[in-house]
1. At what distance in nm do the modelled label points of residue 271 and residue 427 sit from each other, each positioned 7 Å from its Cα along Cα→Cβ?
2. Sort out for me the Cα centre separation of the stretch 139-180 from the stretch 339-368, rounded to whole Å.
3. Which value in deg cm²/dmol, rounded to the nearest 500, describes the helix-derived mean residue ellipticity at 222 nm for the chain, given -39,500 (n - 2.57) per DSSP H run of n ≥ 4 and division by the residue count?
4. Could you check what % of the DSSP bridge pairs in the stretch 95-211 are antiparallel, to the nearest 5?
5. Any chance you could give the angle, 0 to 90 degrees and rounded to 10, that helix 257-279 forms with the longest Cα principal axis of the chain?
6. Any idea what angle helix 289-299 forms with the longest principal axis of the chain, computed on alpha-carbon atoms, 0 to 90 degrees, nearest 10?
7. Using a simple spin-label model with points 7 Å from Cα along the Cα→Cβ vector, what separation in nm is obtained for residue 129 and residue 48?
8. For Cα pairs less than 8 Å apart in space and 6+ apart in sequence, what is the mean separation divided by the residue count of the chain, i.e. the relative contact order in percent?
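Just so it is clear, none of the values below were taken in a lab; they were calculated from the coordinates. Because the structure is a prediction, the values reported are computed rather than measured. Using ideal geometry, Cβ is built from the backbone for each residue, glycine included, and neighbour counts are taken over all protein chains shown.
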């Protein structure tokens, strides 16, 4: 992002709209027309019309409490697209990184294990020999994550007094100070600054955390947004990065492939959107009556139904905390029918409570209370989609592991899940997985 920002500054014809929060996509007969947004600095509600657009809003890690992702990773782009009639795909597949620092969730890179770090339970045992003897700590992320949680469930983990989280230890001591300083300097700095633990002297506490959303906005191979299963495209809208689901990651992303995805589809979608915009007529920017009606409805939703609502007894932060705890408990590394049904029921109740949330700050300038509530609205929606998708997929595949359906089922489930918005709730549909050279095989480690 720093590199991108620095390069954008070189161009006089690029306007960066800082501190703007997009509340909706404007669509008209299957064509993207622009967005509505709040200028957080002034509270002004804006309409931004466009000839073409790219959704590059990142992931939704904050559906969970324990996550490596930034506070801003609230998946706004997913809900913006979903509510505009654009299907989402494979939302039941969040990825959990096996080693996040306890209790703060800061990522401890896979490089720590790549350099030779050991994972130890409270008995001092390198327990990965019991789960992936040929790969040990370098087994795939989903296997290492499940192994850590299994150790916790069987009483061989530690418990953090502050958070109550169970964890294991990542031991780097045998690497020596010189190698740690040369190869893993940031890991040492993070551990010392945030926990007061020097990995040269003692192991560091880790457990799996929500790290990446492998699902996303349904797009074609070139990142163009789809309106249905496989035939109708939005002619002037694309999605890239974690916001999109091209499905290069399938159900189990490989480390660092997210960066490759950003570079490849950033280039593809950027070029396509620019070409479309340069050739599109100026009439696309006309502020028609239909657009005005949609904008008026959205402005009323934000300011009349939320900000200036006369009554409201629900604390949005309490709702968010309950959502986080529910997802961390029931829609985590291990899942099963009863837990997912409990999670779905809870999320539905929280969504029913949301219209009665109380916004204390009634002002317009930098109203972070309003921003938090708008983000919570998106997060609750995505929590529902993740949960219903996980409940419906009665198999285990990649990062989605069902204790009651522990085997992969290619006969019934070698397919993508699509989520379509309806007033009654999500409608699920399916499209086949595109297989070219490599056929699915059983993984053995």
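1. Output for this residue pair reads 3.6 nm.
2. 33
3. Mean residue ellipticity, 222 nm, calculated: -10000 deg cm²/dmol.
4. On the way: 13 of 13 bridges.
Bridges in the stretch 95-211 are about 100 percent antiparallel.
5. 10
6. Helix 289-299 and the main axis of the chain meet at about 50 degrees.
7. So the two model labels end up 5.6 nm from each other.
8. Details: 806 pairs, mean separation 94.6, N = 445.
Value for the chain: 21 percent.
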